[in-house]
1. Here are some conditions: (1) polar (S, T, N, Q); (2) over 22 Å from PRO162 (Cβ atoms); (3) surrounded by 15 or more Cβ atoms within 10 Å (Cβ to Cβ). SER62 meets all but one. Which one does it not meet?
2. Is it fair to say VAL172 is within 20 Å of THR71 (Cα to Cα) and either without any contact (Cβ under 8 Å) to a residue 40 or more places away in the chain or assigned to a loop (DSSP other than H, G, I, E, B) (or both)?
3. Could you list all residues from segment 156-165 that are closer than 18 Å to ASN93 by Cα, assigned to a helix (DSSP H, G or I) and of a type outside the set (Val, Ile, Thr)?
4. Find all pairs meeting these conditions: Cβ atoms under 8 angstrom apart; at least six residues apart or on different chains; first residue within segment 280-292 and part of a loop (DSSP other than H, G, I, E, B); second residue modelled with pLDDT of 70 or more.
5. Please tell me if ASN222 is in a strand (DSSP E or B) and surrounded by fewer than 16 Cβ atoms within 10 Å (Cβ to Cβ).
6. Looking at segment 317-335 only, could you name the residues that are of a type in the set (Ser, Thr, Tyr) and under 21 Å from ASN222 (Cα atoms)?
7. Looking at segment 79-155, what helices (runs of 4 or more DSSP H) fall wholly within it and have at least 2 residues that are closer than 25 Å to SER23 by Cα and in contact (Cβ under 8 Å) with a residue 60 or more places away in the chain?
8. Report yes if LYS113 is surrounded by fewer than 13 Cβ atoms within 10 Å (Cβ to Cβ), at pLDDT below 80 and more than 36 Å from the chain's Cα centre (by Cα), otherwise no.
Amino acid sequence: MITPEPNLLIDPLVTNQLSALSSEVIILTVVIMALLLISALISGSEAAFFSLRPHDKEKLKSDESKRGKTTFSLMKKPQELLATILITNNFVNVGIVILSSSLLDKVFPSDGKTFHLIIEVFVITLLLLLIGEVIPKIYATKNALSFAKFMAGPLSVLGSAPPINWIKSFLVNGSNIIHKRAKKKGVKISSDELEQALALTKEENTSDGEHKILEGIVKFGNTEVRQIMRPRMDVVAIDKESGYKKVMEIILESGYSRIPVFENSFDNVIGLLFIKDILPFLNNEGKDVKWLDLIRLPFFIPENKKIDDLLKEFQSKKMHMAVVVDEYGGASGLCTLEDVLEEIVGDITDEFDTDEIVFTKIDPETYRFEGKTALVDVYKVLDIDGKEFEEIKGDAETLGGFLVENAGRILRNNESFMVGEIKLVVETSDKRRIKMVRIITPKQAEE
């Protein structure tokens with residue numbers, strides 16, 4: 001009879017211990033994998049809900065299914081939804097880390113703490129990032145609506161289950177208090193800082209038109225009426241003493257839908273004639289047409305009024321035209337709703353409009369402008385921001401006025417003035433005003 005050697009015998013107690021250890025390892029592994037899956041679903045739901053496009057939200061409004069209604073109700077409370085997602089995700093991730101540490105202790109009991117730390121920091125963190133964050137969020141962003149509907153039910157249950165709903169209520173109420181206090185303090189940002197931020201954040205796929213609209217919005221609040229108005233010398237107006245025939249000639253020749261009416265001089269505007277009001281009398285051939293009875297009360301504004309305030313007044317008064325007056329009460333020009341909107345969206349033209357900026361491009365570096373050309377129009381043609389002009393322009397709004405303001409007199413023919421690297425040369429002037437100016441950009445100005 002052969003007796004087995006002692007080292008070949010397996011103690012039943014050791015076998016039971018190994019079996020119990022392997023069962024614990026399997027259970028921990030399964031639980032960790034389940035938690036990773038939950039983490040992935042929760043992270044994906046965050047990306048899905050907060051990347052829903054407007055047309056997806058419109059679909060949810062009309063969706064009568066249970067999932068659709070649940071999804072839409074969650075969307076209406078974004079703060080509570082985000083709190084539920086973040087709290088649940090943090091609980092799950094902490095659970096993964098704790099259970100992973102316990103699993104490492106059981107699988108590698110003899111290894112040092114340094115080995116365990118390396119595994120936890122690199123392997124577990126990598127798994128959490130890839131499986132629990134990056135991959136689900138990429139998938140959920142591409143399938144936002146379907147993923148949001150899929151997770152709407154579980155998130156609704158989690159949001160109403162303790163202790164998550166307790167923590168959620170505390171966080172939401174606390175953030176509301178902080179938000180109210182921060183709102184009272186406010187953040188003061190200058191328009192220059194906004195322009196710099198806009199320039200830094202310009203993307204390659206953003207068109208120049210879109211960028212100019214954003215720049216117009218930034219500058220909108222700092223623009224005054226005098227910068228965009230039509231000066232009085234370019235305004236078409238009707239004398240109160242004009243007969244019906246003369247009035248019709250002015251209307252047909254100008255093509256405008258609203259024309260100011262004055263008494264004695266344009267400094268005394270008494271009303272606005274809306275062309276639509278005179279249309280019913282076209283067949284009367286001027287017989288007994290009292291066109292003065294048709295004029296409406298004018299709307300007067302000062303030159304230094306900000307155009308954002310003017311836009312609000314246009315909306316509230318339901319008007320499209322205002323008479324601009326100077327500090328002495330005399331009329332200095334007209335400003336329309338179209339002029340205001342053009343500061344944001346750029347020039348608005350129709351089939352009857354012509355290019356109002358009159359200039360001649362002599363060569364790539366040389367331009368010729370009329371002295372009455374507005375400075376803002378010069379900036380547009382030269383494609384410059386005009387900061388150097390704005391710093392020294394004073395009250396001038398036209399190119400000729402700018403030269404007179406800075407020279408202190410009306411410059412004679414061929415006299416010049418430098419603004420930074422840009423050279424302004426007077427081509428034609430008389431005793432009253434500067435008529436024509438040649439602008440030479442840096443390259444030619446140096447020569």
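1. Answer for SER62: the failing condition is (3).
2. Values: within 20 Å of THR71 (Cα to Cα): yes; either without any contact (Cβ under 8 Å) to a residue 40 or more places away in the chain or assigned to a loop (DSSP other than H, G, I, E, B) (or both): no.
No, not satisfied.
3. LEU158, GLY159
4. GLY286/GLY243; GLY286/TYR244; GLY286/LYS245; GLY286/MET248; VAL289/TYR244; VAL289/ILE278; VAL289/PHE281
5. No: the conditions fail for ASN222.
6. SER332
7. Values: elements: 113-118, 125-129, 135-142.
Per the criteria, 125-129.
8. Details: surrounded by fewer than 13 Cβ atoms within 10 Å (Cβ to Cβ): yes; at pLDDT below 80: yes; more than 36 Å from the chain's Cα centre (by Cα): yes.
Yes; evaluated as a whole, the condition is true for this residue.
The values are calculated or read from the model by the stated rules, or taken from the named source; none is laboratory data. Predicted, not measured: the structure shown is a model, and the values here were computed from it. We place every Cβ from the backbone using ideal geometry, glycine too, and count neighbours over all the protein chains shown.
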